[in-house]
1. Which condition does Glu18 not pass, out of (1) surrounded by fewer than 20 Cβ atoms within 10 Å (Cβ to Cβ); (2) of a type in the set (D, E, K, R); (3) assigned to a helix (DSSP H, G or I); (4) under 21 Å from the mean Cα position of the chain (by Cα), if it passes all the others?
2. Of everything in the stretch 1-15 that's at pLDDT below 90 and open to solvent by 40 Å² or more (accessible area, probe 1.4 Å), which residue is farthest from Gly41 (Cα to Cα)?
3. Using the structure shown, decide if Leu53 is surrounded by 15 or more Cβ atoms within 10 Å (Cβ to Cβ), modelled with pLDDT of 95 or more and in a helix (DSSP H, G or I).
4. Mind checking which residues of the stretch 317-355 are open to solvent by 40 Å² or more (accessible area, probe 1.4 Å) and either more than 17 Å from Cys290 (Cα to Cα) or acidic (Asp, Glu) (or both)?
5. If the Cβ limit is 6 Å and pairs must be 6+ apart or interchain, which residue in the stretch 250-263 that is under 17 Å from Leu201 (Cβ atoms) and touching a residue at least 60 places away in the same chain (Cβ under 8 Å) pairs with which residue that is buried (at least 17 other Cβ atoms within 10 Å of the Cβ) and aromatic (Phe, Trp, Tyr)?
6. Among (1) modelled with pLDDT of 90 or more; (2) touching a helix residue (DSSP H, G or I) at 6+ places or on another chain (Cβ under 9 Å), where does Leu24 come up short?
7. When the stretch 141-180 is examined, which residues are found to be out of contact with any strand residue (DSSP E or B) (no Cβ under 7 Å at 6 or more places or on another chain), among the basic types (Lys, Arg) and over 30 Å from Asp265 (Cα atoms)?
8. What's the total number of residues in the stretch 99-130 that are open to solvent by 40 Å² or more (accessible area, probe 1.4 Å) and either in a helix (DSSP H, G or I) or closer than 13 Å to Gln10 by Cβ (or both)?
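The values are calculated or read from the model by the stated rules, or taken from the named source; none is laboratory data. Being a predicted model, the structure only gives us computed values, none of them experimental. Cβ placement follows ideal geometry from the backbone for every residue including glycine, while neighbour counts extend to all protein chains displayed. Quick note on the areas: whole protein, heavy atoms, side chains included, nothing else; ligands and nucleic acids left out. Shrake-Rupley method; radii C 1.70, N 1.55, O 1.52, S 1.80 Å.
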Amino acid sequence: MKQLNVQVVQHLRPGGIETLVLDLQRLNNDRCSTHIISLEGVKSAALNHWPRLKAIEENLHFLDKPAGVSPMTLWRLVRLLRRLRPTSLHSHHTGPLLYGGLAARLCSIPDLIHTEHDAWHLDDSQRLRLHRRLIRLIRPILVADAGLVKERCERLLPGSNFRLIHNGIDTQRFSPGDKAKARSLLELPVAPLLVGCAARLEKVKGIDLLIRAIGNLDDPIHLAIAGQGSQEAALKRLVKELGVSQRVHFLGPVEEMPTFYRALDLFCLASHQEGLPLSPLEAQACEVPCVLTDAGGSGEALCPQSGILAPVNDVIGLTQALQTRLFNKINISPRQFVVEHRNVRRMASAYLSLPGQPL
């Protein structure tokens, strides 16, 4: 009989952490059965917004947590874990560490893993104190997804010992393809140079800076944005104000992301803060070079021979980096870097090698 592992996330909608969890569920299926618990949301809404979830809906659980601290959510999670009887629990970020870690200890689950996907949230003193207390109380195996995250977490959380397991992506799914066909499928213009960004439309992602940088470049360079979020209306107003409406394409959520990356000449994230983002890895696996801002662990997601790191929150620096990579051709494919160093199978193997994981 297979062992059962539980992954606990804050919410289950398209994003880097959530994609990583789905990949771990799929790749480790031959060794253990994996259930995914989302603290927030309900299953019907999640399935409607992310069709990829339908294939594993029997292994998904949603606790519909309200805002703020919720003892009822902790109790519901304890009841669920007692029914599932997992041998290990893996939490991702603060909320899942709080609820998942405490519930796991109340249910005597022997093996706990907690992954930190960034460190900037620990700048909040209240959250930092909570993390310190939880780690002392729950005593999970600690993992960081980037070297910079590991270094900062160990400095802010005295006595902690983080293992480094870099994020990885599926290099079989994300692979090179026909650019003209991809643009046709997405109804994007065929002729111009095309920069792409895939991210939540939130302030932390710096998409306004990217739009301004595109506005600084000459025609016919276009920008395609995949994603949704609270800043969508503000970003569309900015596009109109800058007079670049014909050059900026808002695609909303894109289910077939390989098609999106294959349509591009260059991928860019202009984030203010990051852990180790997955979208640049996906783009590079499709042989698309990247420009990223030097935020968090972004540099560890970048092929060192083809990518460019731009300063954070610097429109002029970002404009120059985009221009350099668009008009100075390179003879090196960034795909090999991802295949060798940021492959999801390598990541899954590293997690399975942690103490207490199924052999």
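1. Answer for Glu18: the failing condition is (1).
2. Going through the qualifying residues, I end up with Met1.
3. In short, no.
4. Residues satisfying the conditions are Glu340, Arg345, Arg346, Ser349, Ser353, Pro355.
5. Pairs that qualify, where the first residue is under 17 Å from Leu201 (Cβ atoms) and touching a residue at least 60 places away in the same chain (Cβ under 8 Å) and the partner is buried (at least 17 other Cβ atoms within 10 Å of the Cβ) and aromatic (Phe, Trp, Tyr), are Val254/Phe260.
6. (1)
7. Answer for the stretch 141-180, where residues must be out of contact with any strand residue (DSSP E or B) (no Cβ under 7 Å at 6 or more places or on another chain), among the basic types (Lys, Arg) and over 30 Å from Asp265 (Cα atoms): Arg152, Arg155.
8. 10
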